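Quick notes on the structure that follows.
Every number in this text was worked out from the coordinates using simple rules, so none of it is lab data. The structure displayed is predicted, hence computed values, not measured ones. All Cβ positions, even for glycine, are placed from backbone atoms using ideal geometry, and neighbour counts span all protein chains on display.
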Amino acid sequence: MRKWLETCLEWVLIILMVALTVVVIVAVIFRKLDASLSWYDEVASILLSWVTYYGAALAALKRKHIGFDSVLLSIPMPARMFATALAEILVLSFFVLLAWAGWEVLQVLEGDTLVSLTFVPVQLTQSVIPIGACLFVICELISLPLYWRSVAAGKSLEHMEIEEEIERVKPAC
């Protein structure tokens, strides 16, 4: 499941990045031709926010967000696991709250459309908030067992991943 979700998120991000790049290049060309596009700013900022939310979910799945593993691993053992559990609970609680608030915002935005592209509902563009928050929670939970094992072993997640890869390849050697 983890690998499938990672691949899906990577492809979503690739598509979003290509779309954002194309929009920016087209907008620059039109601006140089003195024919600025009215919808460029709105669409580019929406694409950038989508990249941010889906990228955050992918980073959660890979546990690549900024962290302080060296500080965490220096805490004595019983307190280390408590600190890890507390941190996970706080992060998950925040994103559950964000998903709920994002859903509430979508209800308020019903019927609104973009200013420059009046056929695009604002609910569609802002749906990334609850969807991204839910994806973050799912990715965090999927990656939690491996992270928990690495913290319990007193090793960074990167160290654990390297050891697992060595064990996986060893029988072939």
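For the chain, adding -39500 (n - 2.57) for each run of n ≥ 4 DSSP H residues and dividing by the number of residues yields -27000 deg cm²/dmol at 222 nm.
Hydropathy first: keep DSSP H helices in the chain averaging at least 0.5 on Kyte-Doolittle, then drop any whose Cα extent along the axis falls short of 15 Å, and list what survives. Could you put the intermediate results ahead of the total?
Numbers: long enough: 2-32 (45 Å, 1.62); 40-62 (32 Å, 0.81); 77-108 (47 Å, 1.46); 128-153 (36 Å, 1.68); 157-169 (18 Å, -0.75).
Long hydrophobic helices here: 2-32, 40-62, 77-108, 128-153.
For the chain, the tally of Lys pairs with Cα-Cα distances below 28 Å comes to 9, considering only residues 8 or more apart or on different chains. Three principal axis extents of region 69-119 based on alpha-carbon atoms, in descending order, are 57, 19, 9 Å. Once P(r) over Cα pairs in 5 Å bins from 0, in percent is calculated for the structure shown, the corresponding label among [x] 1, 8, 12, 15, 15, 13, 11, 8, 6, 5, 3, 1, 0, 0; [y] 2, 10, 20, 23, 23, 14, 6, 1, 0; [z] 2, 9, 16, 19, 18, 14, 9, 6, 3, 2, 1, 1, 0, 0 turns out to be [x].
Between the beta carbons of VAL96 and ILE162, assuming R0 = 30 Å, the FRET efficiency works out to 0.40 to the nearest 0.05.
Volume of the convex hull of region 25-103 (Cα atoms only), normalised per residue: 118 Å³.
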